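Student: First, the structure itself, so that you have it in front of you.
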Amino acid sequence: MLLNEHLSKTLLKEAAGIPVPTGVKITPADLPALEPYFPLPWILKAQVPVGGRGKAGGIQKVDNREEYAETAKKILSMEIKGHSVPFLRAEPAVDIRREFYLSFTLSRQNRKVIMTVGREGGVEIENMGKDNLLIQEISLPGGIQPNQIRAAFFHIGIAKELFKDFGQIVTSLYNTMIDYGLLLAEINPLALTGYGKLLALDGKIEMDDNIVEINPAFEKYYQPEHSTREENTARDAGMSFVSLKGWVGLIANGAGLAMATMDALNFSKLPAANFLDLGGAADQKRIETALGLLFEDKQVEAVFINLFGGILSCELVAKALVAALGGREPEKPIVVRMSGNSAEQGLEILKDIDSSRLHRARNMPEAIEILKTLKPANAPVIEFPEPIAAVSEKRPENIGYKSPHSFGIDKDTPILVQGITGHEGRLHTRLMLEYGSNIVAGVTPFKGGQEVLGVPVYNSIKEAQRHHEIGASIIFVPPKLATDAIFEAASCKVPWVVCITEGIVQSAMLSVLEQIKGGPSRVIGPNTPGLIVPGQTKIGILPTTPFSPGPVAVLSRSGTLTYEVADRLNQVGIGQSLSFGIGGDSYIGTTFADLFEMIRNHDETKAVIVLGEIGGTAEQDLADYVIRTGFDKPVLSFIAGQTAPPGKRLGHAGAILKEGSGVQGKLEKMREAGFTVCPSLESIPQLTADALGIKI
């Protein structure tokens, strides 16, 4: 959640106590009656969540009242980098003697907070010479240290009398970053005024969406005018929505499947008009909201609903879709593809919709062909690069590297459920028990002495360990409590800790991972469906029907995409040795490379499929690991989100394509490591069979 300058300064002032200029918010409705109450001259500043306002004319100085209203109206009528200006901020002119730069950033690559100070601030600070910036790493949970504040102060070179004020600003900004779950806290410029005071002349704040869910009071920092009507409606309904430039409206369940579907449409010259992930629920209300968004969007000519029933029942979704349409003719053509759980029943129910505008499909190629017949003559032409060919380089030679790690999870692994008395904990405890998982204990504080489905409940893991050996823990607790639950399990040296919880604040997750680093516990997740060893045990929320025992390990950042691929393999008679969801968040415990350390010693695994996504470097890190150590078993990979627009987060916190980074580098790196890069979901079964040397 990116805050505009006005909201950023509000946060800096109210939460951090950092001095900012006096400011007045002015909307079109306020003009011409509302004038700033402070003396002229006034600085009028357009409020949009992008840079470049000054160059675009969105920041103007007003020297007299006569020109105020006209100048304000002109700014309010502007569009800056695709953003209209909903309001402006008026401030008094400031006597500036020097300008500096100050920021804190949560770095996914470094896994630390990065503090940056510049001797000069303003626009294009990165072009002000290599000596301008001082960059320091701050470890979590340790926090900023006095020596780092001193180094920053001496770097910018101001009078020693200002050290106390500077230290207070730096410390307050850092503490606000942690307390408010900020991903970026920037003051640019931090001005030294003619009065000898430091003043935050401009600010830029990016807040973790997850902390808004945990602390609803932070919702006041969300500016709905900076998002489209569709994005706001979807956000209110708990769905992830991103507007794109095509004509096919897209609805899918699960971020990974939605990204893969977007790519399939774009590569088929059927460009997607949007990305819409229904999230964890596909009930009538959500489907009504989703259809309403796309029916009202003039850009959308047809709607593609792509569902894989894992835990989700396609039959129930079909009933919800019938109810949402309410017996009415769909306003636009709809193509529905269903596969997995109750897909046949779901498609049968859709026959009740007697309309030539509803088309049913059993697989994605069939759906794509139907959509091609619906393509309008004036459909926009959007070019995308061709998907990379399924050709790999020669696998790196095994240099004799021996991993000391083994997998060690089977039907006998004793499992503890943290949060067992809650709704989700109870539900999935039942499903895991039905699969044969060896659940021996549960933990919910202050609920000790109870039983859930015959499983004894304890107040703490320590208490449970007095009565049971614990080989793995699975966590079903709210985001606010999840990091403490992870820390408790790791403190008790539980070998495997599977955190299902979604929505954990990123800085909090990074902090706990750093605290437990080097210990014996392996954390899976967070935001993971867990793991399954088909035919033996399940520690997670994965549906069991897509999986069967076999020779292929499936490792993924996406739950629904995992089920989709496992089901496709099963349809051609290829089972799985194990399946892991490593988690879709930016900060996770166990990586692809960590799992390869164990899989190379796992005799049951003959080949590995890696299902990756845009964003982060997990796939490149795995490729580097394979190049460095060698790996005897064939590896296949698939990347979802290849056609995503830069800078947009697609469902998962970790799925964001940065400007300029591209996805081609990720794909080429995997090819260099000898991976067979699969160009589509449809190609995976045959390429897997080829890797195994079998016919299907």
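The values are calculated or read from the model by the stated rules, or taken from the named source; none is laboratory data. Predicted model only: the values in this text are computed from it and were never measured. Cβ placement follows ideal geometry from the backbone for every residue including glycine, while neighbour counts extend to all protein chains displayed. These area figures cover heavy atoms from the full protein model, side chains too; ligands, DNA and RNA do not enter into them. Shrake-Rupley method; radii C 1.70, N 1.55, O 1.52, S 1.80 Å.
Student: Within segment 154-193, work out how many residues are of a type in the set (Phe, Trp, Tyr) and touching a Lys or Arg at 6+ places or on another chain (Cβ under 6 Å).
Tutor: Counting residues in segment 154-193 that are of a type in the set (Phe, Trp, Tyr) and touching a Lys or Arg at 6+ places or on another chain (Cβ under 6 Å) gives 0.
Student: Also: Considering segment 165-201 alone, what residues qualify as being β-branched (Val, Ile, Thr) and part of a strand (DSSP E or B)? Spell out the reasoning first.
Tutor: Within segment 165-201, the first condition is being β-branched (Val, Ile, Thr), and the residues that meet it are 169-171, 176, 178, 187, 193.
Passing the criteria: 187, 193.
Student: Name the single residue, out of those in segment 108-145 being outside any loop (DSSP other than H, G, I, E, B) and free of Cβ contacts under 8 Å to residues at least 12 places away in the same chain, that is least open to solvent (accessible area, probe 1.4 Å).
Tutor: Only one residue fits best here, namely 127.
Student: Can you confirm whether residue 588 is at pLDDT 95 or above and either among the basic types (Lys, Arg) or over 24 Å from the mean Cα position of the chain (by Cα) (or both)?
Tutor: For residue 588, the condition - at pLDDT 95 or above and either among the basic types (Lys, Arg) or over 24 Å from the mean Cα position of the chain (by Cα) (or both) - is not met.
Student: Residue 45 passes all but one of (1) at pLDDT 95 or above; (2) farther than 15 Å from residue 26 by Cα; (3) touching a His at 6+ places or on another chain (Cβ under 9 Å); which number fails?
Tutor: Single failed check for residue 45: (2).
Student: Continuing with the same structure: Quick one: is residue 548 touching an Asp or Glu at 6+ places or on another chain (Cβ under 6 Å) and either on the phi > 0 side of the Ramachandran plot or free of Cβ contacts under 8 Å to residues at least 60 places away in the same chain (or both)?
Tutor: Against the criterion (touching an Asp or Glu at 6+ places or on another chain (Cβ under 6 Å) and either on the phi > 0 side of the Ramachandran plot or free of Cβ contacts under 8 Å to residues at least 60 places away in the same chain (or both)), residue 548 does not qualify.
Student: Please determine, by comparing only the residues of segment 589-612 that are in a loop (DSSP other than H, G, I, E, B) and open to solvent by 20 Å² or more (accessible area, probe 1.4 Å), which one is nearest to residue 208 (Cα to Cα).
Tutor: 589
Student: Restricting to segment 498-514, name every residue that is farther than 19 Å from residue 175 by Cβ and either assigned to a helix (DSSP H, G or I) or not aliphatic (A, V, I, L, M) (or both).
Tutor: Of everything in segment 498-514, those that are farther than 19 Å from residue 175 by Cβ and either assigned to a helix (DSSP H, G or I) or not aliphatic (A, V, I, L, M) (or both) turn out to be 499, 501, 502, 503, 513.
Student: Hey, another quick one. Scanning segment 202-253 for residues that are assigned to a helix (DSSP H, G or I) and among the hydroxyl-bearing types (Ser, Thr, Tyr), which turns out farthest from residue 371 (Cα to Cα)?
Tutor: Filtering first and then ranking leaves 221.
Student: I'm trying to understand the selection: among the residues of segment 665-682, which are closer than 17 Å to residue 263 by Cβ and in a strand (DSSP E or B)?
Tutor: Listed by number, the list holds a single entry, 677.
Student: Right, next: Which residues, counting only those in segment 207-226, are of a type in the set (D, E, K, R) and open to solvent by less than 70 Å² (accessible area, probe 1.4 Å)?
Tutor: 208, 209
Student: On to the next question. Would you confirm, using the coordinates I've provided, whether residue 452 is open to solvent by 20 Å² or more (accessible area, probe 1.4 Å) and modelled with pLDDT of 95 or more? Full working, then the answer.
Tutor: Working: open to solvent by 20 Å² or more (accessible area, probe 1.4 Å): no; modelled with pLDDT of 95 or more: yes.
No.
Student: Could you tell me which numbered condition residue 428 fails, if it satisfies all but one of (1) farther than 24 Å from residue 536 by Cβ; (2) buried (at least 23 other Cβ atoms within 10 Å of the Cβ)?
Tutor: With (1) farther than 24 Å from residue 536 by Cβ; (2) buried (at least 23 other Cβ atoms within 10 Å of the Cβ) applied to residue 428, the lone miss is (1).
Student: Has segment 193-205 got at least one residue that is more than 16 Å from residue 9 (Cα to Cα) and under 20 Å from the mean Cα position of the chain (by Cα)?
Tutor: As a first pass, look at segment 193-205 and keep what is more than 16 Å from residue 9 (Cα to Cα): 193-197.
Pick out the ones that are also under 20 Å from the mean Cα position of the chain (by Cα) and you get none.
Checking segment 193-205: not a single residue is more than 16 Å from residue 9 (Cα to Cα) and under 20 Å from the mean Cα position of the chain (by Cα).
Student: Does any residue of segment 74-86 turn out to be more than 23 Å from residue 228 (Cβ to Cβ) and polar (S, T, N, Q)?
Tutor: The answer is no, given that none of the residues of segment 74-86 is more than 23 Å from residue 228 (Cβ to Cβ) and polar (S, T, N, Q).
Student: Here's another thing I want to ask about it. What's the number of the only condition in (1) within 30 Å of residue 179 (Cβ to Cβ); (2) in contact (Cβ under 8 Å) with a residue 60 or more places away in the chain; (3) among the aromatic types (Phe, Trp, Tyr) that residue 487 fails to meet?
Tutor: The number of the failed condition is (2).
Student: Here's another thing I want to ask about it. Identify, by number, the condition in (1) open to solvent by 10 Å² or more (accessible area, probe 1.4 Å); (2) touching a strand residue (DSSP E or B) at 6+ places or on another chain (Cβ under 9 Å); (3) in a loop (DSSP other than H, G, I, E, B) that residue 585 doesn't meet.
Tutor: Only one criterion in (1) open to solvent by 10 Å² or more (accessible area, probe 1.4 Å); (2) touching a strand residue (DSSP E or B) at 6+ places or on another chain (Cβ under 9 Å); (3) in a loop (DSSP other than H, G, I, E, B) is unmet by residue 585, namely (2).
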